[in-house]
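Enquirer: For reference, the structure I am asking about is given below.
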Amino acid sequence: MKVSELKHSGLKKWVEEAQALMSPEAVEVCDGSQAEYDRMILITKEAGLATELNPAKKPGCVLYRSDPSDVARVEASTYIASKSKDDAGPTNNWVDPAALKKTMTELYRGCMKGRTMYVIPYSMGPVGSDIAKIGVEISDSPYVVASMHIMSRVGTKVLDVLGTDGFFVPCLHSVGKPLAPGESDNGQWPCAPLDKKYISHFPETREIWSYGSGYGGNALLGKKCLALRIASVLARDEGWLAEHMLILKITNPEGEVKYISGAFPSACGKTNLAMLIPTLPGWKVETVGDDIAWMKFGADGRLYAINPEAGFFGVAPGTNNESNRNAMESIKKNTIYTNVALTEDKDVWWEGIGYDAPGKLIDWHGKEWIQDKNNKNQPPAAHPNSRFAAPARQCPAIAKEWEDPKGVPISAFLFGGRRPKTIPLVNQAKNWIHGVFMGSIVGSEVTAAALDVKAGVIRRDPFAMLPFCGYNMGDYFKHWIKIGQSHDESKLPKIFFVNWFRKNDGGKFIWPGYGENSRVLAWIFDRCDGKGGAMETAIGTVPTPDAIARPNGVSESDMKEILNVDIEGWKAEIADIRKNHYPKFGDKLPKELLVELDAIEKRLNS
Ligand code: GTP
Ligand code: SPV
Ligand code: MN
């Protein structure tokens, strides 16, 4: 389709302006067809960026290797450019929107020379449903076009819903690497240097401007930029929730169904939990979503969640047939791999795939790599944040209601992170406000999902939304509190804190995790009905010692340790929150949270 054929005058004008500014060689409006997808792969193959995988092993799959400066989200270059700095709050990078647009306009000028500008109309959520939001991404990356085909719903059908004057979120994206006449990428992943990357959000005008990165959440603008940062602002204004949460469906041996959502920071286990295969006999888990949940109240007063995405952009390392068989099945065909290693017979390999490297590999740098198991310091063959993008419908465990525009009624919220000490395996909040308190204090060891934060150290990541909240986090806490105050609490999800990542003194995980997490889910399921062995403690309601059956390899004393309420550890935790965490929010910190902090401290001291 040509730009002149666009029926939406606002969209047409915006596209023409972008074209004039960025000077692409050609402009194309994406139709979302398989032929278009295939063409994007072909174009990148010809530019030396894509490697087609062995069709006998991985039909319809391709591998990309990105630039070392472009392997993850860049949090230091991610901006919330609200009119007032206070609206971005203490946890976001803020720049005056006019100043930022000026800077970026100069970067955008002529930035698409020698490239095609793709106009990608996409829907987050089922096309045409009440809850869906439409975005249009302008991008000069065919990798982005193909990835958006998988991760969202792209094409002419979206333009039909948009009509002549519908609302859309304009999303500008350029890799920031114009080509000289006759020049090709020639195997070099195009992007701008780290100090020239910008991932910018203008919450008041609902706009996204991204420049300089072609990777993941920096470039696939429907995901973190629209479905979380912009959507969180819409949700605040309209009384709903846009959260960094998986959604799963769980059925007990009696055939009763519940839906559970969970927020864990990046690379802390959402995809794995969403696709879990229970080790507990008779239980079944199915997947609704693995990263983002949009939740609105139904007429019955319950909170209903949809997954706005259409695919999984999942962490490859650690994914294997034992840890996540459903993911392994989902990524056997029609999958885009980025920064994993390539085997000699053109299959993929990564650390934790479940078997040794089958011979010589090409690592994520494009260099020959031979596994040396005696060398603990050998750099990995696959980047720690290497990922797959696969259509959600390919997941064998996908729930039949995953695209139901009504959404699914949520019974429980989980919060958690990677905490080697102190935080027990599971802990139920006493009530909504105590649960909001728990969400506000989530801490986790930093992972490789962001390029510019030091991995390994524990940082507070409230509600797993630290990098994704599009407004002042203090106001976000208030929004959660208001949800509780303005609804019947008995119908709201029960709130739990979980931690699969406790380590012993030797540094090994105590809890086996993955499928064994079903034991914890079963306890949570029962708690939602007021059942399950439980006891009140200073920090919340925890399982009685025998309420969760021990998996193989977990001794009685291990179990005791991970369920124990570590009074001294918690006192240190509370002191840290009081001194280092809560003061950041100044007078935006809701007093209700301080009341909870005082109360838990009092309970710990009594
Ligand atoms: P994002 O896509 O970045 O938001 O990550 P995510 O929250 O979906 O994390 P994911 O499920 O991809 O897991 C990330 C890493 O954590 C992988 O290497 C997993 O193998 C590991 N992991 C997931 N669940 C568990 C668990 O229960 N126990 C342990 N020890 N590791 C886990
Ligand atoms: C995350 O970092 O939480 C992700 C990957 O899910 S990205 O889409 O790159 O944000
Ligand atoms: Mn995520």
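Enquirer: Do the sum for the chain: with -39,500 (n - 2.57) for every DSSP H run of n ≥ 4, divided by all residues, what is the mean residue ellipticity at 222 nm, to the nearest 500 deg cm²/dmol?
Expert: Values: 16 runs with 149 residues, N = 606.
About -7000 deg cm²/dmol.
Enquirer: Can you give the local net charge around residue 430? Use residues other than it whose beta-carbon is closer than 13 angstrom to its beta-carbon, Lys and Arg +1, Asp and Glu -1.
Expert: 0
Enquirer: Enumerate by residue number the GluC sites (Glu not before Pro) in the stretch 17-120 meeting two conditions: DSSP loop (anything except H, G, I, E, B), and at most 14 other Cβ atoms within 10 Å of the site's Cβ.
Expert: On the way: sites: 17, 25, 28, 36, 46, 52, 75, 106; in loops: 25.
Passing both the DSSP loop test and the Cβ count: 25.
Enquirer: Need one number: nm distance between label points at residue 355 and residue 550, each 7 Å from Cα along Cα→Cβ, rounded to one decimal.
Expert: 3.5
Enquirer: I would also like to ask the following. Stretched out fully, how many nm does the piece from residue 345 to residue 105 gain, at 0.36 nm a residue minus the Cα gap? Show your work: numbers first, answer last.
Expert: Working: separation 240, 0.36 × 240 = 86.40 nm, distance 4.50 nm.
Answer, rounded to one decimal: 81.9 nm.
Enquirer: Please give, to one decimal in nm, the separation of the simple spin-label points placed at residue 86 and residue 374, each 7 Å out from Cα toward the Cβ.
Expert: Placing both labels 7 Å beyond Cα along the Cβ direction yields 6.5 nm.
Enquirer: Of 41, 495, how do they rank once you tally other Cβ atoms within 10 Å and put the fewest first? Please report the intermediate quantities before stating the final value.
Expert: On the way: 41 21, 495 24.
Listed from fewest to most nearby Cβ atoms, that is 41, 495.
Enquirer: Also: Within the stretch 206-246, what residues put their amide N at less than 18 Å from the label point 7 Å along the Cα-to-Cβ vector of residue 459?
Expert: Output list for this probe position: 217-218, 224-225, 229, 244.
Enquirer: For the stretch 276-291, just list the computed ³J(HN,Hα) in residue order, Karplus coefficients 6.51, -1.76 and 1.60, θ = phi - 60°, integers in Hz, with x standing in for Gly and Pro.
Expert: 4, 9, x, 7, 6, x, x, 8, 9, 10, 10, 9, 10, x, 10, 8
Enquirer: Also: Less than 18 Å from a label point 7 Å out along the Cα-to-Cβ axis of residue 485: which backbone N atoms in the stretch 226-248 qualify, by residue?
Expert: Zone members listed by number: 236-241.
Enquirer: Using 5 Å bins from zero, what percent of all Cα-Cα pairs in the stretch 312-394 falls into each bin?
Expert: 3, 16, 27, 27, 16, 8, 3, 1, 0
Enquirer: Here is a follow-up. Roughly what angle does helix 473-485 make with the longest principal axis of the chain, taking Cα atoms, 0 to 90 degrees, to the nearest 10?
Expert: Between helix and principal axis, roughly 60 degrees.
Enquirer: With everything on Cα atoms, drop me the angle between helix 34-46 and the longest principal axis of the chain, reported from 0 to 90° to the nearest 10.
Expert: Tilt of helix 34-46: around 80 degrees.
Enquirer: Okay, next question. Please give the contour-minus-distance gain from residue 16 to residue 52: 0.36 nm per residue of separation, less the Cα-Cα distance, rounded to one decimal in nm.
Expert: Values: separation 36, 0.36 × 36 = 12.96 nm, distance 3.45 nm.
Going from the current span to full extension adds 9.5 nm.
Enquirer: Let me ask another. Give the residue list of GluC sites (Glu not before Pro) in the stretch 220-268 that are DSSP loop and have at most 15 other beta-carbon atoms within 10 angstrom. Walk me through the numbers before you get to the answer.
Expert: Details: sites: 238, 243, 254, 256; in loops: 254, 256.
Passing both the DSSP loop test and the Cβ count: 254, 256.
Enquirer: What does the net charge come to around residue 111 if you take all other residues with beta carbon closer than 11 Å to its beta carbon, with K and R at +1 and D and E at -1?
Expert: Details: positive: 109, 113, 115, 177, 196; negative: 106, 140.
That sum, taken over residues with Cβ under 11 Å, equals +3.
Enquirer: Within the stretch 389-429, which residues have the backbone N less than 14 Å from the label spot 7 Å out from residue 299 along Cα→beta-carbon, could you tell me?
Expert: Hits in the stretch 389-429 for residue 299 at 14 Å: 406.
Enquirer: Any idea what % of Cα-Cα pairs in the chain are farther than 37 Å? Walk me through the numbers on the way to the answer.
Expert: Numbers: 58123 of 183315 pairs.
Considering the chain, 32 percent of its Cα-Cα pairs are separated by more than 37 Å.
Enquirer: Could you tell me the relative contact order of the chain? Use alpha-carbon pairs under 8 Å, at least six residues apart, and round to a whole percent.
Expert: 14
Enquirer: Given a cut-off of 32 Å, name the pairs among 270/531; 249/584; 270/478; 400/588; 45/224; 270/430 whose C-alpha atoms lie farther apart than that in the structure shown. List each step's numbers first, then the result.
Expert: Working: 270/531 26 Å; 249/584 37 Å; 270/478 25 Å; 400/588 42 Å; 45/224 27 Å; 270/430 24 Å.
Over 32 Å Cα-Cα: 249/584; 400/588.
Enquirer: With 10 angstrom as the radius, rank 194, 276, 593 by how many other C-beta atoms surround their C-beta, starting from the fewest. Numbers along the way, then the final one.
Expert: Values: 194 17, 276 29, 593 23.
Listed from fewest to most nearby Cβ atoms, that is 194, 593, 276.
Enquirer: Looking at the P(r) of the stretch 29-118, how many percent of alpha-carbon pairs lie beyond 20 Å? Write out the running numbers ahead of the final one.
Expert: Details: 2485 of 4005 pairs.
Result: 62 percent of Cα pairs exceed 20 Å.
Enquirer: With a cut-off of at most 13 other beta carbons within 10 Å, and DSSP calling the residue loop, which trypsin sites (Lys or Arg not before Pro) in the stretch 468-553 qualify? Please list them.
Expert: 508, 531
Enquirer: What does the charge add up to near residue 491, with Lys and Arg as +1, Asp and Glu as -1, over the other residues with Cβ less than 10 Å from its Cβ?
Expert: Values: positive: 302; negative: 300, 488, 489.
Charge balance in the 10 Å sphere: -2.
Enquirer: Another question, if that's okay. How far apart, in nm, are the 7 Å Cα→Cβ label points at residue 535 and residue 25?
Expert: Taking the two extended label points, one gets 7.1 nm.
Enquirer: What FRET efficiency comes out for the pair residue 568/residue 452, r = Cβ-Cβ distance, R0 = 56 Å, nearest 0.05?
Expert: Working: r = 34 Å, r/R0 = 0.60.
Efficiency, rounded to the nearest 0.05: 0.95.
Enquirer: Follow-up. What FRET efficiency, computed as 1/(1 + (r/R0)^6) with R0 = 45 Å and r the Cβ-Cβ distance, is obtained for residue 167 and residue 322, rounded to the nearest 0.05?
Expert: Details: r = 45 Å, r/R0 = 1.01.
With R0 = 45 Å, the Cβ-Cβ based efficiency is 0.50.
Enquirer: What ³J(HN,Hα) values, in whole Hz, does the Karplus curve 6.51 cos²θ - 1.76 cosθ + 1.60 give for the stretch 409-415 when θ = phi - 60°, with x put for Gly and Pro?
Expert: x, 8, 9, 8, 10, 10, 10
Enquirer: At R0 = 25 Å, how high is the FRET efficiency between residue 406 and residue 588 if r is their beta carbon distance? Nearest 0.05 is fine.
Expert: Working: r = 34 Å, r/R0 = 1.38.
Working from the Cβ atoms, E equals 0.15.
Enquirer: Name the residues whose placed amide hydrogens come within less than 5 Å of the amide hydrogen of residue 398, ignoring near sequence neighbours (fewer than 5 apart) on the same chain.
Expert: 287
Enquirer: Quick one: order 244, 365 by neighbouring beta-carbon count within 10 Å, fewest to most. Kindly include the intermediate steps, with their values, before the conclusion.
Expert: Working: 244 25, 365 15.
Fewest to most other Cβ atoms nearby, the residues stand as 365, 244.
Coordinate-derived values only; no laboratory data. Nothing here was measured: the structure is a model prediction, and the numbers come from that model. With ideal geometry, Cβ positions are generated from the backbone for all residues, glycine too; neighbour counts draw on all protein chains shown.
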